[in-house]
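A quick write-up on the structure given underneath.
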Amino acid sequence: MMRRRAVGAVLAMLAVLTLLAGCTRAVDGDATSIGGGDGSSDGNVDTDRYDGLMYECEMLQPAVIAKTVGGTIAEPGFYGAICRWVVNGPAITDVTFNWFEWGDIEVEKSTAKELGYTTENIKVASVTAFTQRNPARPASCGVTARSPDRGVYTWWVEPRTATPIGDPCAAPTRLMELLLGGGQ
């Protein structure tokens, strides 16, 4: 009985060692701890090296965004990977814009469908695009189009009301027209 346990323990130890050996590999370079390095960096990123870091958030002026969605003023809420504004007017409206430089319109469309959104193919300024609507939020609409440079643009307009006022896709479609037309 004791011999069986010893053999079992040895076999278990060999299995663990075999597993560990199969999961390791040698790599070139020197190991450093997370956040480590040669000590020459304080961890801050020099954003001056990125000329157009916030360019996508400035492609349309806030006054143009506000007017397009029927408001009086668009206040930026966040500039980063996506751009957000809160538009004040008869209805407070959230506006979101993103430019996924490596995005693909077909991937965006299939993702919208997987989320349960309804989509409709459209052309905006002669560019392939689609609308996306969440049935649970009938007042909101997003419009995604191919970027003339690369990737995809998306505008979302969502009034903070449950009842749609007119065509919910009119404002994001117009924002996309303005963007693709150079912001005029």
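The values are calculated or read from the model by the stated rules, or taken from the named source; none is laboratory data. Keep in mind the model is a prediction, meaning the values are calculated, not measured. In this analysis, Cβ positions are derived from the backbone assuming ideal geometry, glycine residues included, and neighbour counts consider all displayed protein chains. Please note that ligands, DNA and RNA were not included when accessible areas were found on the heavy atoms of the full protein model with its side chains. Shrake-Rupley method; radii C 1.70, N 1.55, O 1.52, S 1.80 Å.
Decide, for the range 44-184, between rounded, prolate and oblate: order the square roots of the alpha carbon gyration tensor eigenvalues as a ≥ b ≥ c, take rounded if a/c falls under 1.5, and otherwise choose prolate if a/b is larger than b/c, else oblate.
oblate
What FRET efficiency would be calculated for the residue pair Ile122, Asp94, taking the C-beta separation as r and a Förster radius of 22 Å, to the nearest 0.05?
Efficiency computed from Cβ-Cβ geometry: 0.50.
For the peptides 95-101, 125-131, what is the packing order when you average, over each peptide's residues, the other Cβ atoms within 10 Å and list the highest mean first?
Ranked from most to least packed, the peptides come out as 95-101, 125-131.
Gain in length, Tyr55 to Arg160, computed as 0.36 nm per residue apart minus the alpha-carbon separation, to one decimal in nm?
35.1 nm
Calculate what fraction, in whole %, of the accessible area of the range 45-184 sits on carbon and sulfur atoms when a 1.4 Å probe is rolled over the protein chains.
Taking all protein chains in place, the range 45-184 shows 52 percent carbon and sulfur surface.
Scaled to the compact-protein estimate 2.2 N^0.38 Å, what is the alpha-carbon radius of gyration of the range 78-128, rounded to two decimal places? All intermediate terms of the calculation are to be shown ahead of the outcome.
Working: Rg = 13.9 Å, N = 51, 2.2 N^0.38 = 9.8 Å.
Working it through for the range 78-128, the quotient is 1.42.
Protein chains only, probe 1.4 Å: how do Lys113, Lys123, Lys67 rank by accessible area, largest first?
From most accessible down to least: Lys67, Lys123, Lys113.
Determine the shape class of the range 102-184: with a ≥ b ≥ c the square roots of the Cα gyration tensor eigenvalues, call it rounded for a/c under 1.5, and otherwise prolate if a/b is greater than b/c, oblate otherwise.
Oblate is the answer for the range 102-184, as a/c is 1.5 or above yet b/c matches or exceeds a/b.
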